[in-house]
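K.L.:
Structure incoming, see below.
The values are calculated or read from the model by the stated rules, or taken from the named source; none is laboratory data. Since we're looking at a predicted model, the values are computed, not measured. Because the Cβ atoms are built from the backbone with ideal geometry, glycine has one as well, and the counts that use them run over all protein chains shown. Surface areas here come from the heavy atoms of the whole protein model, side chains and all, with no ligands, DNA or RNA. Shrake-Rupley method; radii C 1.70, N 1.55, O 1.52, S 1.80 Å.
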Amino acid sequence: MALIVKELCLSFNGVSALIDVSFEINKKEILALIGPNGAGKTSLLNCINGFYRPQSGEINFNGEKINTLPPHRIAMLGIARTFQNIELYTGLSTLDNLMAARHIFMKSRAVACSLFFGKAQQEEIQHREIVEDIIELLELESIRKKMVGLLPYGQRKKVELGRALAQEPKLLLLDEPMAGMNVEEKEDIARYIIDIYELKQIPIILVEHDMGVVMDISDRVVVLDFGEKIAEGSPDDIKMDSRVIKAYLGN
C-alpha cells in the first residue's frame, strides 16, 4: 500500500471534521474521494500533507508514519497536491512557477546560484529539463513565458497541476482540479490525469464533484458524509449504494 489512513479524527473547537476515517490506496490506483460540501474531503487531504494535525489516528506513507511531520518533510517524502483555490506565484511566469516547485531538490547555496556557475549551473539545467518535460506533457508551451496572474482560470489550473508534478510526487493529491471549468477544459484535465497515472505510475487521490469524471477514471471510490466514511468500493458499487444515493447522489 502507498498510503494507509487509520481511524483518523479531526475537530475544530469541538466540531468534528473527521470521525474515525480509515482507508488505503494502492501503489497503482486512482482513488476518488467524494461527498457533499462540508463532508471533510479537503480536511482529509490537509491531514495527509501536514496542513492539519489530527487529534487521533495514524497516517502511514510507504511504511513511515507521517501524521506528526511538518508539511515540508511530507513534501520531501513525495506527497504533492493541488488546491481548491489556486495557489501560484501570480507575478511569475509559468516556467518560473514550475521551477519554484523544484526548490526541495536544489542543493546549491544562494551565492552559487546567483553566480550561475559550475555545479549551480549544471543543477539549474537538470531542473529545467524536468520542467520542460512537464510543459510538454501538459501542453503549456504557448504560456511558458506568460505571467500566471494574467492567464485564464483553466490555464492556471493546468499550471498548478504542473507545479505539483515538478515535485516528482510518489503520491498526488488533487483537490477539485476541475472546479469551475467548462466541459472542454474538464475533458482536458481528465486526459492529463490519466496520462500522469499511466506514464508516471503515480497513485492519485482525487477529490471531485463531477460524477461522470469520477466514474470514468477512478479505480475505487471512498465516500464521506459529515466527516464519516459511509461507503467504499468500485464506481459501479458506489453509484448503486443506497447510503450514497441518499447522502449525495440523489435518485
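K.L.:
Scan region 237-251 and report the pairs whose first residue is more than 16 Å from VAL213 (Cβ to Cβ) and whose second residue is open to solvent by 60 Å² or more (accessible area, probe 1.4 Å), with Cβ atoms within less than 7 Å and a gap of 6+ or a chain change.
P.N.:
ILE245/ASN251
K.L.:
List, please: which pairs have Cβ atoms under 6 Å, are six or more places apart or on different chains, and start with a residue in region 72-95 that is free of Cβ contacts under 8 Å to residues at least 40 places away in the same chain and within 15 Å of CYS47 (Cβ to Cβ) and end with one that is outside any helix (DSSP H, G or I) and open to solvent by 10 Å² or more (accessible area, probe 1.4 Å)?
P.N.:
Listed pairs, sorted by first residue: ILE74/ASN49; ILE74/GLY50.
K.L.:
Examine region 38-52 for a residue that is in contact (Cβ under 8 Å) with a residue 60 or more places away in the chain, in a loop (DSSP other than H, G, I, E, B), under 17 Å from VAL223 (Cβ atoms) and more than 17 Å from the chain's Cα centre (by Cα), and state whether such a residue exists.
P.N.:
Yes; the residues of region 38-52 include at least one that is in contact (Cβ under 8 Å) with a residue 60 or more places away in the chain, in a loop (DSSP other than H, G, I, E, B), under 17 Å from VAL223 (Cβ atoms) and more than 17 Å from the chain's Cα centre (by Cα).
K.L.:
Do we find a residue being part of a helix (DSSP H, G or I) and under 14 Å from the mean Cα position of the chain (by Cα) anywhere in region 200-223? Can you show your working first?
P.N.:
Step one: filter region 200-223 for residues part of a helix (DSSP H, G or I), giving 200, 211-217.
In the following step, the residues that additionally are under 14 Å from the mean Cα position of the chain (by Cα) were identified as none.
No, every residue in region 200-223 fails to be part of a helix (DSSP H, G or I) and under 14 Å from the mean Cα position of the chain (by Cα).
K.L.:
Give just the number: which of (1) exposed (fewer than 14 other Cβ atoms within 10 Å of the Cβ); (2) not in a strand (DSSP E or B) does GLU7 not satisfy?
P.N.:
(2)
K.L.:
Considering (1) open to solvent by less than 40 Å² (accessible area, probe 1.4 Å); (2) at pLDDT 95 or above; (3) of a type outside the set (A, V, I, L, M, F, W, C), say which one LYS146 fails and leave the rest.
P.N.:
Failing condition for LYS146: (1).
K.L.:
Given the conditions (1) closer than 30 Å to GLY63 by Cβ; (2) surrounded by fewer than 22 Cβ atoms within 10 Å (Cβ to Cβ), which single one is not true for ALA166?
P.N.:
Tallying (1) closer than 30 Å to GLY63 by Cβ; (2) surrounded by fewer than 22 Cβ atoms within 10 Å (Cβ to Cβ), ALA166 fails exactly one: (2).
K.L.:
If you check ASN62, ASN46, which single one turns out to be open to solvent by less than 40 Å² (accessible area, probe 1.4 Å) and polar (S, T, N, Q)? Write out each step before concluding.
P.N.:
On the way: ASN62 fails: open to solvent by less than 40 Å² (accessible area, probe 1.4 Å).
Checking each option against the conditions leaves just ASN46.
K.L.:
Can you spot a residue in region 210-225 that is without any contact (Cβ under 8 Å) to a residue 60 or more places away in the chain and closer than 25 Å to LEU8 by Cα? Outline the logic, then answer.
P.N.:
Narrowing region 210-225 to residues without any contact (Cβ under 8 Å) to a residue 60 or more places away in the chain: 210, 212-213, 215-216.
From the residues that got through so far, the ones that are closer than 25 Å to LEU8 by Cα too are none.
Among the residues of region 210-225, not one is without any contact (Cβ under 8 Å) to a residue 60 or more places away in the chain and closer than 25 Å to LEU8 by Cα, which makes the answer no.
K.L.:
Another question, then. Taking into account only those residues within region 94-143 that are of a type in the set (Gly, Ala, Ser) and open to solvent by less than 20 Å² (accessible area, probe 1.4 Å), which is modelled with the highest pLDDT?
P.N.:
Pass one, region 94-143, residues of a type in the set (Gly, Ala, Ser): 100-101, 108, 110, 112, 114, 118, 120, 142.
Next, only the ones that are open to solvent by less than 20 Å² (accessible area, probe 1.4 Å) stay: 101, 120.
Values: ALA101: 90, ALA120: 63.
Taking the candidates together, the pick is ALA101.
K.L.:
For region 156-171, indicate whether the set of residues that are closer than 28 Å to ASP20 by Cβ, modelled with pLDDT of 95 or more and in a strand (DSSP E or B) is non-empty.
P.N.:
Yes: region 156-171 contains one or more residues that are closer than 28 Å to ASP20 by Cβ, modelled with pLDDT of 95 or more and in a strand (DSSP E or B).
K.L.:
Now, a different point. Among the numbered criteria (1) open to solvent by less than 30 Å² (accessible area, probe 1.4 Å); (2) more than 29 Å from GLU198 (Cβ to Cβ); (3) at pLDDT 95 or above, which one does ILE79 miss?
P.N.:
With respect to (1) open to solvent by less than 30 Å² (accessible area, probe 1.4 Å); (2) more than 29 Å from GLU198 (Cβ to Cβ); (3) at pLDDT 95 or above, ILE79 is out only on (2).
K.L.:
Which residue out of ARG73, ARG102 is among the basic types (Lys, Arg), assigned to a helix (DSSP H, G or I) and touching a Gly at 6+ places or on another chain (Cβ under 8 Å)?
P.N.:
Details: ARG102 fails: touching a Gly at 6+ places or on another chain (Cβ under 8 Å).
The match here is ARG73.
K.L.:
Return the only residue of ILE204, ILE238, ILE245 being at pLDDT 95 or above, β-branched (Val, Ile, Thr) and open to solvent by less than 60 Å² (accessible area, probe 1.4 Å). First the steps, then the outcome.
P.N.:
Working: ILE238 fails: at pLDDT 95 or above; ILE245 fails: at pLDDT 95 or above.
The unique qualifying residue is ILE204.
K.L.:
Counting just the residues of region 53-70 that are in a loop (DSSP other than H, G, I, E, B) and among the polar types (S, T, N, Q), which one comes out farthest from LEU171 (Cα to Cα)? Steps first, answer last, please.
P.N.:
Kept after step one, since they are in a loop (DSSP other than H, G, I, E, B), are these residues of region 53-70: 53-55, 62-63, 66-70.
Of the ones still in play, those that are also among the polar types (S, T, N, Q) are 55, 62, 67-68.
Numbers: GLN55: 23, ASN62: 10, ASN67: 15, THR68: 18 Å.
Per the stated criteria, the residue is GLN55.
K.L.:
Which residue is farthest from GLY40 (Cα to Cα), if the candidates are limited to region 172-187 and must be out of contact with any Lys or Arg (no Cβ under 8 Å at 6 or more places or on another chain) and outside any loop (DSSP other than H, G, I, E, B)?
P.N.:
Top of the filtered list is GLU184.
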